[in-house]
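Just so it is clear, none of the values below were taken in a lab; they were calculated from the coordinates. Bear in mind the structure is a predicted one, so any value in this text is a computation, not a measurement. Backbone-built Cβ (ideal geometry, glycine too); neighbour counts: all protein chains shown.
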Amino acid sequence: MQFLALVPYLLILAGSGLSYVGMLPAMFGWSVSALGVLSGLGMAATIIFAGSTDLWWAAGIAVLPSVVAIPMVINDLRYPRINDVATNVDTPPEFVTAFRAAPNRGRDMSFPVKNGPMIRKSYPNIRPLTLDELPERAFERIATLAKNQPNWVITRFDVDAFTLEGEAATSCFRFIDDFIIQVSNHKGKAQINMRSKSRDGLVDAGENAKRIETFFEQLSNPDVGAPHDGDRKTR
């Protein structure tokens, strides 16, 4: 019986590890890990209700993953129930190359209108970024900065449209999110809009908004991504 206390850990490691290396789809790996957490709770409850006081230590070991996971879930619940975030919710950038990815074929990639009010309320900092520089220079810096982002892969680089698309993998389970960055001329300055959309699930625990906010914070520094930084790796 005491050896069963290791089952939750084995499931969690299998789910997260195999999805990270690409041997399991991210959502399936997440489900396996969630099953591991639930199995620990079930085992602990069984031991306690059975009155096996000599195995309470095993119950403590089995329930430990839930002690870590439950606060994380509670924290995630404070984010809005959306998985598609854009800086311009009225006319968000539209994906082009993202449609070619196998998981997106036949999928509705249009921006949900209902997300607009939730983004404005929950993410007031997610809005277009205006830089006091020419769009050409801004797009050059964006390209350099994007290429050096950890876990980002560029799938479209359109110099004429000042548009860049790519895929970003989350650090855990390797969930893939599609993103697009677009630069336009706004009264002689560069205005940048960005959109980030999850491929899996109906919620994102704020991941897409964090990606946009972090990238814009980096881009706001005029020295970041400048030509003399082009060869520097930040990974």
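For the reader, a short list of remarks on this structure follows.
- Pairwise label distance in nanometres, residue 64 with residue 76, each label 7 Å out on the Cα-Cβ vector: 2.2 nm
- Theoretical ellipticity at 222 nm over the chain - DSSP helices of four or more residues, -39500 (n - 2.57) apiece, nearest 500: -13000 deg cm²/dmol
- On full extension, the segment bounded by residue 23 and residue 96 gains 23.5 nm, given 0.36 nm per residue less the C-alpha separation.
- Point-to-point label distance, residue 210-residue 9, nm (Cα→Cβ direction, 7 Å offset): 2.6 nm
- The 3J(HN,Hα) values that the Karplus relation (6.51, -1.76, 1.60; θ = phi - 60°) gives for segment 219-226 are, in residue order, 5, 5, 7, x, 7, 6, x, 5 Hz. Gly and Pro appear as x.
- The angle between the Cα long axis of helix 26-50 and the main principal axis of the chain comes to about 30°, on a 0 to 90 degree scale.
- In the list [x] -0.27, -0.74; [y] -0.33, -0.83; [z] -0.39, -0.84, the label attached to log10 I(q)/I(0) by the Debye sum over Cα atoms at q = 0.08, 0.13 Å⁻¹ as derived from the coordinates here is [z].
- Angle between the chain longest axis and helix 56-76 axis [Cα atoms, degrees, rounded to 10]: 20 degrees
- Per-residue 3J(HN,Hα) values for segment 184-200, derived from phi via the Karplus relation 6.51 cos²θ - 1.76 cosθ + 1.60 with θ = phi - 60°, read 9, 8, 10, 6, x, 10, 8, 10, 10, 10, 9, 9, 9, 9, 7, 8, 10 Hz in sequence order (x marks Gly and Pro).
- Rounded to the nearest 10 degrees, the inclination of helix 135-147 to the longest alpha-carbon principal axis of the chain is 30 degrees.
- Placed amide H near residue 133: partners under 5 Å, 5+ positions off or other chain: 190
- Centre-to-centre, using Cα atoms only, segment 1-79 and segment 154-193 are separated by 37 Å.
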